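Right, one structure below, let's go through it.
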Amino acid sequence: MFEYTLANGVIVSPGKKTRTGDLGVKGEKIFSPGGTVTINLKGKSCVYPSLINTHDHLQGNYRPAVGPKKGSFYLTWLPWDNDLKASDTFKERSQLSREDLYALSGYKCLFSGVTTVNDHFPQKLNSQILPTLPIRAFLEYGLAHECSSYDLKWGDGVELEHKRAVQNKWPFITHLAEGFDEESMHGVEALEKYKVLDDHCLLVHCIGFSDEDIKKVAKAGASVSWCGFSNMFMFNVTAKVRKMIKAGVNVTIGTDSSATGSANFLAELKFDRELYRKLYGEDLPAKNIFEMCTINAAKAFWMQDRIGSLDEGKLGDILVLKARDDDPYENLVNASMQDIELLVLAGTPVYGDMRFLDIFGGELPPAYTQIKVGKNPMFVKGDPAGLYNEVRRKVGFKKKLDYLPFEPLQSSDSTQ
Ligand SMILES: [Fe+2]
C-alpha cells in the first residue's frame, strides 16, 4: 500500500480556494499528508483531480479522422458510419486487433491526464477488455446507442437499461439529438415517452435541442456531454452550450472517438474554449472548463462521492502539471501532453517523471516501462512503446498517432 505526500504544490480542487501546500495519499485514497515518502514540488507544479472524459468510443481511436466531403456536412450520424466503413482509416485499423485499439485508447486517455472515461459500447462487447486498461473505463452504466428508430440496438433497451441505472445508482448514457432530421429534433420527447428523462441521464451531443428541450433537461437534472470538435467536424453546429449553462444544465466535456473528434482530451478543452469564443463573442472561463471536466463529469457518472475533487476520503485520482501560468485554471486548459508530470489512479501512479519513482521505493515496478517524452524520461504503466511498434509492424509503415507523445526506441537502444 502506498503512503506518500505531494508537498508544496499548488492544490486546485473544485469548490475550494486554491492553496499552496501538501496533499497526502494513503492506499487508494486522498488522506492527510504523511507517510515516509515526500515529493517536494517546490511550488512549481499544480495538483488537480485527474480529468474525466464523459464520451468516447474506445474501439474507434484511430487516425486520421473520417468526415464529410469538403464543403459539406452531415444531417445525421448515419452517413458518417457508411463513410467510416469505406475509409482508408478503417481499412488500416482493421489490421489491428480489438485489444490493440482499446490499448491505444487507454493511452490516448493517459497521455492527456484522463483517468476516468466512458466507453460508449455495450458491456457485452467491452466487459473483458476495459479492466485491462491503465486507466478507469468503468462498467457501471446503462446505455442506449441513441433514442431513435435507427439506433444500433445496443444493450437491453432504453427502459430496462435506465431502470438498471436507477437501481444501481449508475448513469444512463445515450447519444441524443445528434443531427437535424425529424427524429433527432425530438430526442427529448422520445426520452419523455419512455419516462426516463431524469438525473441519471447523461445525454451526448444534443445539438438538435430547442430552447424548450434545454429547459426540460435542466429541470430533470440530466447531464450533457459536449463534444465540440466532433460536432463541428460532422455537422458544423454544436450544442447550445451557453444556454445550457445559463439554464443550469450539468455540462461536461467529451472527446467522442478520435475518428471524428479531437486528438485527445487536452486538445478538446482548447478547441471548445475557442469555439465558445467564436460562437458567443465571449470567453468561457478556464475555471468553468475545469469544473466541467472534473466535478460536473463525476456527477454525470454518479461517482461524485469517489472522484472529481481532491477532498479527503475520495479516490487518489490526481494530475500534476508543470505550473506555467499563475492562474492554475488557465494552466490546465492551456496544458500540452508534455506538461504532465504525474498521473495517479486510485493512489497508484500510472505515468510520471522519474522523480516520482520514490513512491515505488525508487525502482520501476515490473508492470511498468520507460519512455521519453520530449527530453524527459517517464515511467508508464504497461508498454505503450511496444504497442506503438506492434501497430507499425501490423500496418506496415511508421504510423504516427498524434495522441502518443513519444517515439518508441529501437530495440537496440531500448532501456527496457
Ligand atoms: Fe459518440
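Please treat every number below as a calculation from the coordinates, not as lab data. Since we're looking at a predicted model, the values are computed, not measured. Please note: Cβ atoms are built from the backbone with ideal geometry, for glycine as well, and neighbour counts cover all protein chains shown.
How many residues, within the range 246-258, are more than 16 Å from the ligand (Cβ to nearest atom) and either closer than 23 Å to Thr116 by Cα or under 18 Å from the mean Cα position of the chain (by Cα) (or both)?
Let us first name the residues in the range 246-258 that are more than 16 Å from the ligand (Cβ to nearest atom), namely 246-251.
Checking which are either closer than 23 Å to Thr116 by Cα or under 18 Å from the mean Cα position of the chain (by Cα) (or both) leaves us with 249-251.
Residues meeting the conditions: 3.
Tell me yes or no: at least one residue of the range 219-231 is in contact (Cβ under 8 Å) with a residue 24 or more places away in the chain, crowded, with 21+ Cβ neighbours inside 10 Å, more than 27 Å from Leu266 (Cβ to Cβ) and not acidic (Asp, Glu).
First, pick out the residues of the range 219-231 that are in contact (Cβ under 8 Å) with a residue 24 or more places away in the chain: 221-231.
Subsequent filtering for residues that are crowded, with 21+ Cβ neighbours inside 10 Å retains 222-231.
The next check asks that each one be more than 27 Å from Leu266 (Cβ to Cβ); those that pass are none.
Checking the range 219-231: not a single residue is in contact (Cβ under 8 Å) with a residue 24 or more places away in the chain, crowded, with 21+ Cβ neighbours inside 10 Å, more than 27 Å from Leu266 (Cβ to Cβ) and not acidic (Asp, Glu).
Regarding the range 342-351, can at least one residue be identified that is in a strand (DSSP E or B), touching a residue at least 12 places away in the same chain (Cβ under 8 Å) and within 30 Å of Ser94 (Cβ to Cβ)? Break it down into steps so the answer makes sense when it comes.
Within the range 342-351, the subset in a strand (DSSP E or B) is 342-345, 348-351.
Adding the requirement that they be touching a residue at least 12 places away in the same chain (Cβ under 8 Å) leaves 342-345, 348-351.
Filter again for within 30 Å of Ser94 (Cβ to Cβ), leaving 350-351.
The answer is yes, given that some residue of the range 342-351 is in a strand (DSSP E or B), touching a residue at least 12 places away in the same chain (Cβ under 8 Å) and within 30 Å of Ser94 (Cβ to Cβ).
State whether one or more residues within the range 364-381 are of a type in the set (Lys, Arg), over 29 Å from Lys287 (Cβ atoms) and assigned to a loop (DSSP other than H, G, I, E, B). I'd like the intermediate steps shown before the answer.
Within the range 364-381, the subset of a type in the set (Lys, Arg) is 372, 375, 381.
Going one step further and asking which of them are over 29 Å from Lys287 (Cβ atoms), we end up with 372, 375, 381.
Add one more test, that the residue is assigned to a loop (DSSP other than H, G, I, E, B), and what stays is 375.
Scanning the range 364-381, I find at least one residue that is of a type in the set (Lys, Arg), over 29 Å from Lys287 (Cβ atoms) and assigned to a loop (DSSP other than H, G, I, E, B), so the answer is yes.
Checking Lys216 against (1) within 14 Å of the ligand (Cβ to nearest atom); (2) assigned to a helix (DSSP H, G or I), which test does it fail?
Checking Lys216 against (1) within 14 Å of the ligand (Cβ to nearest atom); (2) assigned to a helix (DSSP H, G or I), the one that fails is (1).
Sort through Leu41, Leu78 and tell me the only one that's out of contact with any helix residue (DSSP H, G or I) (no Cβ under 9 Å at 6 or more places or on another chain) and crowded, with 17+ Cβ neighbours inside 10 Å.
Details: Leu78 fails: crowded, with 17+ Cβ neighbours inside 10 Å.
Within the list Leu41, Leu78, the selection yields Leu41.
Taking the range 219-231 as the search range and keeping residues that are assigned to a strand (DSSP E or B) and of a type in the set (S, T, N, Q), which one is nearest to Glu146 (Cα to Cα)?
Within the range 219-231, the subset assigned to a strand (DSSP E or B) is 223-226.
From what's left, of a type in the set (S, T, N, Q): 223, 225.
On the way: Ser223: 15, Ser225: 14 Å.
Looking at the filtered set, the residue picked out is Ser225.
Against the condition surrounded by fewer than 24 Cβ atoms within 10 Å (Cβ to Cβ) and either within 17 Å of Phe290 (Cβ to Cβ) or within 16 Å of the ligand (Cβ to nearest atom) (or both), how does Thr238 come out, does it pass?
Numbers: surrounded by fewer than 24 Cβ atoms within 10 Å (Cβ to Cβ): yes; either within 17 Å of Phe290 (Cβ to Cβ) or within 16 Å of the ligand (Cβ to nearest atom) (or both): yes.
Yes, satisfied.
Considering each of Lys169, Lys216, Lys240 in turn, give the residue that is under 30 Å from Pro64 (Cβ atoms) and out of contact with any Gly (no Cβ under 9 Å at 6 or more places or on another chain).
Details: Lys169 fails: under 30 Å from Pro64 (Cβ atoms); Lys216 fails: under 30 Å from Pro64 (Cβ atoms).
Result of the check over Lys169, Lys216, Lys240: Lys240.
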